[in-house]
Structures are given as structure tokens and as C-alpha cells.
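The next block holds one structure in the form of C-alpha cells; read it before the comments.
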Amino acid sequence: MFGCGMAFTRACGSRMLVLSATGNLRALLSGLVFAVVAQMSRDGALSPLRSAINSWWTVESSSRDLLALFRIGHVGGVLFGLCWLSLGVVLAWRCKLRPVNWLSASASA
């Protein structure tokens, strides 16, 4: 519901707040409607509709376990992660990035 609203107003909730601070009355009105509809979909009249839509995309926990889905186990998962890590190191090396940048990027992730 909020994605459609953001497409119609051409802004997300945070951007509407910033645009309202610059004096944009369209953003101010859209932000007020956004706040009212958000509250209504959480606890008010739109709550049953939100609950019904949420039940459409229920994902079972077994289908989210990629280690079990591909039957590679924990060791396979670690090896898969190490392959991606080595690919990242090779790409960083080819782009001539300093190791301090590698460490800071991996610490922030």
C-alpha cells in the first residue's frame, strides 16, 4: 500500500518531510495523509486489509533455509561464503584499493 502511495506522491515518507521543510505544500499534505493512513493501517480501519494482504505472501521457514534447500550443510555454506570473500578480495585487488578500505568496508557491512 505504501509503495503505491510513494509512487503517486513521487516521494517516500522521509523525502516528503524534507520537502515539507522547504515549503512544498504538496509534500506537506501528502505527508499528513501518509501519517493518517499509516496509523489507520496499523490499528484502525485498514488493519484487516493489511492483515489479509500480509497473509498472501507467507513464506515457510523451511523454504528460506538455503543450506537445507541445496543440501550443502554448514561446511558447504562456509566454503560458499569463502568463495565470495575471495572474489571480493580479487576484485578489490584489481581495482587497486588499499587494504584499509577493505577492512572498513567489511566492518561497516
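Restricted to region 1-26, and to residues there that are part of a loop (DSSP other than H, G, I, E, B) and at pLDDT 85 or above, the residue that is surrounded by the most Cβ atoms within 10 Å (Cβ to Cβ) is ASN24.
Check region 32-49 and report whether any residue there is of a type in the set (Lys, Arg), touching a residue at least 12 places away in the same chain (Cβ under 8 Å) and in a helix (DSSP H, G or I). Checked against the condition, which is being of a type in the set (Lys, Arg), touching a residue at least 12 places away in the same chain (Cβ under 8 Å) and in a helix (DSSP H, G or I), region 32-49 yields no hits at all.
Answer yes if at least one residue in region 90-109 is in contact with a helix residue (DSSP H, G or I) (Cβ under 8 Å, 6 or more places away or on another chain) and aromatic (Phe, Trp, Tyr), and no otherwise.
Applying the first criterion (in contact with a helix residue (DSSP H, G or I) (Cβ under 8 Å, 6 or more places away or on another chain)) to region 90-109 yields 92, 101-102.
Checking which are aromatic (Phe, Trp, Tyr) leaves us with 102.
Within region 90-109, one or more residues are in contact with a helix residue (DSSP H, G or I) (Cβ under 8 Å, 6 or more places away or on another chain) and aromatic (Phe, Trp, Tyr).
Taken over region 53-84, the residue count meeting the criterion of being modelled with pLDDT of 85 or more, part of a helix (DSSP H, G or I) and of a type in the set (Lys, Arg) is 0. For SER86, the test of being under 22 Å from the mean Cα position of the chain (by Cα) and either among the charged types (D, E, K, R) or open to solvent by less than 100 Å² (accessible area, probe 1.4 Å) (or both) is failed.
Quick test for you: out of ALA45, ALA52, pick the one residue that is out of contact with any strand residue (DSSP E or B) (no Cβ under 8 Å at 6 or more places or on another chain) and open to solvent by less than 80 Å² (accessible area, probe 1.4 Å). Step through it out loud before you land on a result.
Details: ALA45 fails: open to solvent by less than 80 Å² (accessible area, probe 1.4 Å).
So the residue among ALA45, ALA52 that is out of contact with any strand residue (DSSP E or B) (no Cβ under 8 Å at 6 or more places or on another chain) and open to solvent by less than 80 Å² (accessible area, probe 1.4 Å) is ALA52.
The values are calculated or read from the model by the stated rules, or taken from the named source; none is laboratory data. Just so you know, these numbers come straight off a predicted model, no measurement behind them. Positions of Cβ are generated from backbone atoms using ideal geometry, with glycine treated the same way; all protein chains shown enter the neighbour counts. Heavy atoms of the whole protein, side chains included, go into the accessibility calculation; ligands, DNA and RNA do not. Shrake-Rupley method; radii C 1.70, N 1.55, O 1.52, S 1.80 Å.
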